[in-house]
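To start, the structure itself, in structure tokens.
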Amino acid sequence: MPDFAYTARNMAGERVTGRVSASSERDAVTSLSAQELFPIDVAQEKERQSRFGGRVGGQVMATTYSQMAGLLRSGVPLLRTLRVLRDQSSNATLARVLGDVHTRVEDGATLADAMGCHTRVFNEMGVSMVRAGGEGGFMEEALDRVAAFTEQYEDLKARTVGAMAYPIFLGVAGSSVVLALMIFFVPKFGELFDRLRTRGELPLMTEWLLAMSAIMRQGGLFVLIGMVVAGILVRAQLQTESGKRTRDLLKIKMPMIGSIFKAFAVSRFCRVLGTLLRNGVPILKSLDIAREAAGNRILSEAIEKASENITSGESLATPLRASGHFPSTVVEMISVAEESNTLDKVLVEIADGLEKRTTRRLDLFVRMLEPIMLTILAGCVLFVVMALLLPVIKMSGSL
């Protein structure tokens, strides 16, 4: 069921905010009335978020988290901190969101709950870390850690996008050249090869080339429409819970790049869990928060099963090993750390090592992508040229 964000007043006339799950807005209002709340504003979460604009850049959010931590560490009260950040923000969307967060906190909501109402701006990991910081009494460190996470992610994304620029250009330019050849150049040879076709001497490669060219010229529009419709349907499916789970499974199972996605997710989980344990948060609560920070539903399910096993007295390493989604080296280090009671320290070390190794692997993958793209494009052009030259050579030989 969808979530509805609401603003209401209780029997004492106090203003309260929160979220309620219901099948429709009417059912949400009925549920609030049953709780003796008088609704002022009820809107589905996505609709409410759209009122505040789109997303905010990662670097802007990293700076905001860092400034919030600095103000709180200096003794500035939370409400005043939010007001200061709202007033000085040059981003209109962020200013509106911080204003709403300020209102919700003023009405009695926790900072994490208020941030959780704006998932386009505050991601799950940030909300989870802030909630843990509020419960464990280390809010400033939690905000600093979120700022560091966000900045690292943005740096990695910027490097990846920069490195991918040339391979993407090669792909677009090469595909355009091949399409132009197939649509405008290849058909001119059709009549020239009719004599060989009637005699049954036209090479199979050339037959395929002419057939593909005909399909592109005659049915290209229908193919394009079909691709657009398929893209819309796939996007709609990915918005469902089963679709999101399938997407996360594909991300960690893809050849070459899947292991990189998995390593970054495991790294986030280890760092958040280690930070929470170091600050005294109980392990079950830490696991519940850290599994959301992993950002992958498949890994989250494995971590949830690990939590259930810990409740029954087992170690953390055993269910993680059984899931098959965590590297064996990581599991072994966790197992040894549990025995030596240094789990919080070892988890952070695991995260540091994974991030360094995975960043190097990502850089290597991007560098390999360029020659791979060149080879594929060269192969396509070679296929077109050979398919056109073979009949010409055969005709010249018969002459």
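Since every read-out is calculated from the coordinates, none of them should be taken as a lab result. This is a predicted model, so every value here is computed, not measured. Because the Cβ atoms are built from the backbone with ideal geometry, glycine has one as well, and the counts that use them run over all protein chains shown.
Skipping prolines and chain starts, which residues have an amide H placed within reach, meaning under 5 Å, of the one on residue 16, given they are 5 or more residues away or on another chain?
8, 9, 10
Based on the Kirkwood radius over alpha-carbon pairs, what is the Stokes-Einstein translational diffusion coefficient of the chain at 25 °C with 0.890 mPa s viscosity, in µm²/s? Let's see the in-between values first.
On the way: Rh = 25.6 Å.
It diffuses with D of about 96 µm²/s by this estimate.
Expressed as a fraction of 2.2 N^0.38 Å, the rule-of-thumb size for a compact globular protein of N residues, what is the C-alpha radius of gyration of region 140-188? Working shown, then result.
Working: Rg = 20.8 Å, N = 49, 2.2 N^0.38 = 9.7 Å.
Normalised Rg, Cα atoms only: 2.15.
Looking at the chain as a GNM with Cα springs under 10 Å, which of 134, 99, 219 has the largest mean-square fluctuation?
Of the options given, 219 has the highest mean-square fluctuation.
What translational D, rounded to a whole number of µm²/s, comes out for region 58-150 from Stokes-Einstein when the hydrodynamic radius is the Kirkwood one over Cα pairs, at 25 °C and 0.890 mPa s?
Numbers: Rh = 12.8 Å.
This corresponds to a translational diffusion coefficient of 192 µm²/s.
If each Cα of region 353-399 is one equal point scatterer, what is log10 of I(q)/I(0) from the Debye formula at q = 0.14, 0.26, 0.27 Å⁻¹?
With one equal scatterer per Cα and no solvent, log10 I(q)/I(0) is -0.55, -0.86, -0.89.
Regarding region 134-255, what are the three Cα extents along the principal axes, ordered largest first, in Å?
The principal-axis extents, from largest down, are 85, 33, 25 Å.
So, with +1 on the Cβ of K and R and -1 on the Cβ of D and E, and no other charges, what is the size of the charge dipole of the chain about its Cα centre, to the nearest 20 debye?
Taking the Cα centre of the chain as origin, the dipole is about 1280 debye.
All other residues with a Cβ under 15 Å from the Cβ of residue 331 taken together, and with Lys, Arg as +1 and Asp, Glu as -1, what is their net charge?
Around residue 331, the charge tally is -2.
Dividing the Cα convex hull volume of region 285-399 by residue count, how many Å³ per residue is that?
Value for region 285-399: 150 Å³ per residue.
Between 136, 295, 243, which gets the highest mean-square fluctuation from a Gaussian network model of the chain, Cα cutoff 10 Å?
243
Rank 111, 182, 347 by how far each Cα sits towards the positive end of the charge dipole of the chain (+1 on Lys, Arg Cβ; -1 on Asp, Glu Cβ) and give me just the farthest.
Working it through, the farthest residue towards the positive pole turns out to be 182.
How far, in nm, would the chain grow between residue 253 and residue 166 when pulled straight, counting 0.36 nm per residue and subtracting the alpha carbon separation?
That pair, residue 253 and residue 166, stretches by 28.7 nm at full extension.
Between 262, 285, 188, find the one with the highest GNM mean-square fluctuation for the chain; connect C-alpha pairs within less than 10 Å.
Result: 188 has the largest fluctuation of those listed.
Tell me what the chain gives for mean residue ellipticity at 222 nm when only DSSP H runs of n ≥ 4 count, each as -39,500 (n - 2.57), the sum divided by the residue total, rounded to 500 deg cm²/dmol.
Values: 17 runs with 296 residues, N = 399.
Roughly -25000 deg cm²/dmol at 222 nm, from the helical runs in the chain.
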